[in-house]
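Data block below; observations after.
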Amino acid sequence: MADSLADPLIYARAVHFAATMLVAGDVLFAVLVAAPAWRAAAGNGVVAIMVRARLAVIAWIGLALAAIAGAVWLILTAAAMSGLPAAQVFGDGVLWTVLSQTTFGRTWLARFALACALATTLPALLSPRDRKSPRLEGAAAVLAAAFAGALAWSGHAAGGLGGEAIIHPAADVLHLIAAAAWVGALLPLIVLLAAAGADDASLAMARTATTRFSMLGIVSVGTLFVTGIVNTYYLAGSVPALLHTDYGRLLLIKIALFLAMVAIATVNRVRLTPQLLQHNNITASRDALRRLRRNAAIEALAGAIVIAIVAALGTMPPAIHAAHQHPSFEAVPADAAFVHIHLVEGMADVTIRPGRTGRARATIRLWDEDFAALEARQVSLTLTAPAAASQPTTRPARQGRDGAWQVDGIELSEPGNWTVSVDVVLDANKRLTLTAPIVIESGP
């Protein structure tokens with residue numbers, strides 16, 4: 001876990017996710033919250049013009065950061081898939097191969113096109129002019145939602161089979177859009193609340209914006225709750241998987257932060273918003289405005305941590321694989337030990353049967369990122385016992401008629417957390433090594 005935090009891919013993903021949520025949330029806020037508030041209260045006043053200018057800055061900065069971090073993410077992924085250093089992926093058509101022949105690459109191209117289309121709407125959408133075309137606002141909102149939602153095909157949701165290939169990505173798309181509409185819109189809300197309150201017109205604008213944001217938040221939180229349950233089912237699947245894997249524990253931290261954000265949002269909705277809407281007590285309204293701004297900043301900080309966690313989770317094998325329950329694969333025999341090892345450039349299912357001390361057979365199935373069979377020239381299996389002084393034992397695997405690789409006559413000398421490593425020769429210039437712990441039980 002600690003070693004994975006040094007992976008630059010996590011930081012590229014974190015910046016890209018945060019920037020995507022920010023630009024999408026900014027546009028959705030401008031269309032669904034700020035524009036109605038300006039029309040209802042402040043019109044084309046000084047405060048409204050100032051807020052529009054600041055929202056424009058946020059949108060352009062978010063789009064620029066998303067582009068830069070997205071390019072870094074592409075280069076690092078191409079390097080991982082090709083086995084080449086990052087500086088060498090620009091030659092021999094490596095980048096184009098990744099872009100044109102992988103799900104990640106095609107998603108990257110589609111989202112780049114969406115980002116360019118969204119950029120064309122920003123000058124008119126966030127200009128000082130008060131009246132915006134409903135068609136423009138609708139197009140910008142749809143593009144922003146699509147830009148955020150399409151991230152679903154860059155993560156684990158893209159790897160399902162059967163019904164999961166439909167339900168999981170759909171839930172993830174809605175989850176990402178709801179996150180953008182709530183978490184991504186918190187900074188624009190803070191900007192608007194910070195500019196309002198000095199006069200009656202701007203206070204009225206803040207009241208309208210807060211009411212509309214509260215309604216948007218309720219819809220977003222409800223969507224996040226339902227889709228979060230779906231995603232947790234497909235990525236964890238059980239309480240033991242949540243409690244006893246790195247992925248599961250990190251996911252629990254994310255859920256705890258989400259619940260804390262919901263608690264703050266509930267305070268805003270139940271206590272502070274009614275105080276802000278009091279027209280007969282301006283002092284109480286302005287105090288509520290200040291506290292709402294503070295709470296929104298706390299929510300935004302928690303949301304940033306959640307985004308960082310999501311970036312890390314995307315580079316880790318889902319908990320459900322470690323708990324050998326993934327619904328996309330055949331059932332794991334009750335007496336077997338199983339581990340799914342997941343890297344960007346390939347995956348392996350390792351089944352050791354029986355999964356207890358004594359002699360056993362290992363079966364290895366290799367997959368690419370789309371869960372299609374991964375062609376290999378040679379495969380070997382290395383097992384290391386739990387004892388600190390244990391020496392690793394490496395055995396060559398042979399390929400069976402069903403495409404799986406097998407190693408017979410494995411000696412499992414003691415129970416505990418063994419280390420399994422699968423070394424795969426893909427071609428003359430590319431190798432793949434997948435390593436993970438696997439639990440071996442005591443013999444009968």
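The values are calculated or read from the model by the stated rules, or taken from the named source; none is laboratory data. As the structure is a prediction and not an experimental result, all values here were calculated from the model. Every residue, glycine among them, receives a Cβ derived from its backbone with ideal geometry; neighbour counts consider all protein chains shown. Ligands, DNA and RNA are stripped out before the accessible areas are found, and what is left, the full protein with its side chains, is counted by its heavy atoms. Shrake-Rupley method; radii C 1.70, N 1.55, O 1.52, S 1.80 Å.
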Query raised in the report: If you check E345 against the conditions, is it open to solvent by 40 Å² or more (accessible area, probe 1.4 Å) and within 30 Å of A152 (Cα to Cα)?
Result: yes
Requested in this report: Please determine, by comparing only the residues of region 392-418 that are farther than 17 Å from V379 by Cβ and within 34 Å of the chain's Cα centre (by Cα), which one is surrounded by the most Cβ atoms within 10 Å (Cβ to Cβ).
Outcome: W418
Query raised in the report: Considering only region 116-161, how many residues are out of contact with any helix residue (DSSP H, G or I) (no Cβ under 7 Å at 6 or more places or on another chain) and either at pLDDT 95 or above or not in a loop (DSSP other than H, G, I, E, B) (or both)?
Result: 8
Query raised in the report: So which residues in region 192-202 are surrounded by 22 or more Cβ atoms within 10 Å (Cβ to Cβ), in a helix (DSSP H, G or I) and of a type in the set (A, V, I, L, M)?
Result: L192, L193
Query raised in the report: Which residues, taken from region 48-103, are closer than 30 Å to A35 by Cα and surrounded by fewer than 20 Cβ atoms within 10 Å (Cβ to Cβ)?
Result: I49, M50, A53, R54, A56, V57, W60, I61, A64, L65, A67, I68
Query - Count of residues meeting criterion [in a loop (DSSP other than H, G, I, E, B), within 22 Å of S100 (Cβ to Cβ) and open to solvent by 30 Å² or more (accessible area, probe 1.4 Å)] in region 349-378 - result: 6
Query raised in the report: Here are A296, A331, A319, A337: which of them is modelled with pLDDT under 80 and crowded, with 21+ Cβ neighbours inside 10 Å?
Result: A319
Query raised in the report: Mind checking which pairs have a first residue in region 384-406 that is free of Cβ contacts under 8 Å to residues at least 60 places away in the same chain and a second that is hydrophobic (A, V, I, L, M, F, W, C) and part of a loop (DSSP other than H, G, I, E, B), Cβ under 7 Å, 6 or more apart or different chains?
Result: W405/A397; Q406/A397
Query raised in the report: With L252, L277 as the choices, which residue is under 24 Å from the mean Cα position of the chain (by Cα), open to solvent by 40 Å² or more (accessible area, probe 1.4 Å) and at pLDDT below 95?
Result: L252
Report summary line: In region 229-247, residues that are closer than 17 Å to A311 by Cβ and modelled with pLDDT of 85 or more total 1
Query raised in the report: Taking Y234 and the conditions (1) out of contact with any His (no Cβ under 8 Å at 6 or more places or on another chain); (2) in a helix (DSSP H, G or I); (3) not basic (K, R), which numbered condition does it fall short on, given that it satisfies the others?
Result: (1)
Query raised in the report: Using beta carbons and a limit of 7 Å, which pairs, at least six apart or on different chains, have the first residue in region 221-235 and under 14 Å from A170 (Cα atoms) and in contact (Cβ under 8 Å) with a residue 40 or more places away in the chain and the second one open to solvent by less than 30 Å² (accessible area, probe 1.4 Å) and of a type in the set (K, R)?
Result: none
